[in-house]
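Note sheet for the following structure.
What follows draws every value from the coordinates through simple rules; no lab data is involved. The structure presented is a predicted model; accordingly, all values stated were derived computationally and were not measured. Methodologically, a virtual Cβ is constructed for each residue, glycine included, from the backbone with ideal geometry; neighbour enumeration extends over all protein chains shown.
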Amino acid sequence: MDSESPGQLHAGQLYIGFTHLSKSITLDRVVHHDGRTPLKPEPIPGSPVTTTPSAAAPTSSTPVAPRTPVGAPRRRGSLGPVGLVLAGGVSVQFGGALAVTLMPRAGALGVVTLRLLAAALVLLLICRPRLRGHSRTDWGTVVVFGLVMAAMNGLFYQALDRIPLGPAVTLEVLGPLALSVLASRRAVNAVWAGLALAGVFLLGGGGFDSLDPIGVAFAVGAGAMWAAYIVFSARTGRRFPQADGLALAMGVAALVFLPLGIAESGTKLLNPATIALGSAVAVLSSVLPYTLELLALRRLPASTFAILMSLEPAVAAAAGFLILHQALSVLQALAIALVIAASMGAVRTQVGRGKAAVPEAAS
């Protein structure tokens with residue numbers, strides 16, 4: 001299955017967030033987004049395991065309880081983790097909507113600074129990562145991961161300051177989608193790429209006249225950083241135990257962004273109400289979704305997780321409408337639907353490729 005790492009990378013991260021820690025964030029990671037955490041999920045209870053009869057048989061005389069059949073009971077149990085993933089996605093996007101309401105008070109860079117600082121403090125206190133015993137390459141990886149995380153958040157919040165939440169998230173999703181398509185190198189992915197491009201064309205009304213072009217550029221740049229986030233999330237996860245690498249990278253991102261936030265917002269960052277709202281954004285957009293996604297991935301296949309994360313543009317559009325009163329035109333709604341379909345299709349293609357590789361490896 002190592003040969004399938006590009007596909008698995010997309011499936012895990014297209015979280016993220018955060019994600020988010022997303023981002024996701026391959027949960028080889030997530031994550032996903034927006035950071036959706038670079039943690040490995042535990043084996044899924046009840047999932048089939050390929051073993052020989054002799055290896056599978058117990059060597060002791062202790063009775064072994066029969067395995068729960070894979071089927072209906074597992075589907076019923078999956079409602080729990082699915083709910084956790086959806087709750088995490090709602091938390092991320094409504095956290096983004098809350099961030100938009102905070103921008104007039106602290107500015108886009110100030111909001112990013114508060115979010116990264118609060119998230120870094122929480123993660124560092126919880127994880128308490130070791131600072132010794134790491135190689136120069138380890139530190140280089142986590143520093144680059146932190147820089148990518150800072151750039152991803154900074155570009156995305158600059159986009160939110162200029163264009164509606166739904167279109168911004170849709171354009172950002174193009175980064176992980178492009179990574180998945182390029183990693184797969186299968187002809188069918190040209191279909192998904194075409195759907196995504198059609199969605200982008202519709203989103204811009206044929207020329208992006210309805211959207212601020214600078215905001216569009218920021219959103220696309222955030223998508224490119226999300227793709228880089230996926231790559232370095234996986235590398236960091238392999239070099240640091242549990243979420244230690246993520247916590248350290250979040251600290252790097254916060255330190256890098258602190259001068260930018262101070263330059264734009266100055267003493268506004270010290271206002272108690274601003275600090276409280278910024279902390280709420282951090283909890284909604286980073287801490288809470290990362291926790292929910294990690295719990296879900298203990299019982300949910302990464303492929304299912306990635307498909308659910310593909311719905312984030314729709315959740316973002318709903319959050320923008322309910323909180324920010326950002327209504328979408330029919331063409332923009334259709335564009336978001338096309339990008340979601342392209343993302344789901346790319347994930348399913350990767351999953352099918354992975355399953356096809358198992359019999360070949362066995363033979």
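Table for the structure above
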read-out	value
Which of F94, F257 has the fewest Cβ neighbours within 10 Å, and the rest in rising order	F94, F257
Where a label projected 7 Å from the Cα of L322 along Cα→Cβ would reach, residues of the range 80-105 with amide N under 17 Å	83-101
Karplus-derived 3J(HN,Hα), 6.51/-1.76/1.60, for each residue of the range 131-148, Hz, glycine and proline x	9, 9, x, 10, 7, 5, 5, 4, 5, x, 5, 6, 5, 5, 4, x, 5, 5
Trypsin sites (Lys or Arg not before Pro) restricted to the range 131-202 and DSSP loop, no more than 16 other C-beta within 10 Å	R132, R185, R186
Fewest-first ranking of L300, L171, L322, using other Cβ atoms within 10 Å as the exposure measure	L322, L300, L171
Modelled FRET efficiency - R0 56 Å, L331 with R130, Cβ distances, 0.05 increments	0.60
Low-density loop positions, chymotrypsin sites (Phe, Trp or Tyr not before Pro), the range 264-343 - DSSP coil, at most 12 other Cβ in 10 Å	none
Quotient of C-alpha Rg and 2.2 N^0.38 Å, computed over the range 195-346	1.22
